[in-house]
Every structure is written in structure tokens, then in C-alpha cells.
């Protein structure tokens, strides 16, 4: 883990210095969740449905629904886990993995799935 921390870096801002709006085309810095939206939009093909003289652009609708579903699943996970395991004890952030094997396996999988669209949105 320590070797990975030194080798793989996520956005080493100390190499680029402070954010300067005049160096980018849009004068704003997007929040992290916009990476999810951008990544989902980039991988969707340009599908459209024409019905009754109206065009429904599925290339925007499907990523929107997928993104909303992703964030709803992330928000509902603690409630669903406590319901599925019938666990009504106090929930602590630093529980031992041996005491919570389901959460130890599912939470990293969920975070990797949630970060995939962010990686898709990168252009480098």
C-alpha cells in the first residue's frame, strides 16, 4: 500500500500550482461529481428516437438516469445493508473488517464502480 501511495497519484496539485482560471477555456473548476456525468456522457453513443414528430435524445437521457441511479445507490447503501443484515447496532466508521465482512467487500467495489465514470472523463 505504501509503495502504491508513492507511485500512483491522484491529481498531484503541488506539481501544477494554484488553480488559474485564465489557463482553461471555461472559467470554472468543476466539482468531482461532474467527472461522473462527463464520463457517462462520453461513453454513450448518439442514440435518438423519433416519435410523433418529436426527437428524444437517448444519448443524454440514459447517462442522466445511470448517474442518478449510481448516486441513489451510494446514498441508500447504508440503509440497505443494515436492513439486509438486521443490524440495528451503532455503526462506526472504523469497525474491524473481520467483524463486517460484507461491508469490507462491497464498499471498495462500490467506490471503484463509482469512480469508473470519473476515469472515463479524463482526456489524458
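The values are calculated or read from the model by the stated rules, or taken from the named source; none is laboratory data. It should be emphasised that the depicted structure is a prediction, and the values quoted were computed from it without experimental measurement. Cβ coordinates were reconstructed from backbone atoms using ideal geometry, including for glycine residues, and neighbour counts include every protein chain displayed.
Selection of first residues in the stretch 69-82 that are more than 14 Å from residue 107 (Cβ to Cβ) and of second residues that are in a helix (DSSP H, G or I) and at pLDDT below 85, restricted to Cβ pairs under 7 Å at least 6 apart or on distinct chains, gives the following pairs, ordered by first then second residue: 70/36; 70/114. Annotation: of all residues in the stretch 108-118 being in contact with a helix residue (DSSP H, G or I) (Cβ under 8 Å, 6 or more places away or on another chain) and free of Cβ contacts under 8 Å to residues at least 60 places away in the same chain, the one that is surrounded by the most Cβ atoms within 10 Å (Cβ to Cβ) is 110. Quick check: is even one residue across the stretch 74-85 within 15 Å of residue 33 (Cβ to Cβ) and at pLDDT 75 or above? Yes, the stretch 74-85 contains a residue that is within 15 Å of residue 33 (Cβ to Cβ) and at pLDDT 75 or above. Of the set (1) out of contact with any helix residue (DSSP H, G or I) (no Cβ under 8 Å at 6 or more places or on another chain); (2) closer than 24 Å to residue 47 by Cα, all apply to residue 89 but (2).
Are any residues in the stretch 81-99 in a helix (DSSP H, G or I) and surrounded by 12 or more Cβ atoms within 10 Å (Cβ to Cβ), and if so, which ones? Within the stretch 81-99, 81, 82 qualify.
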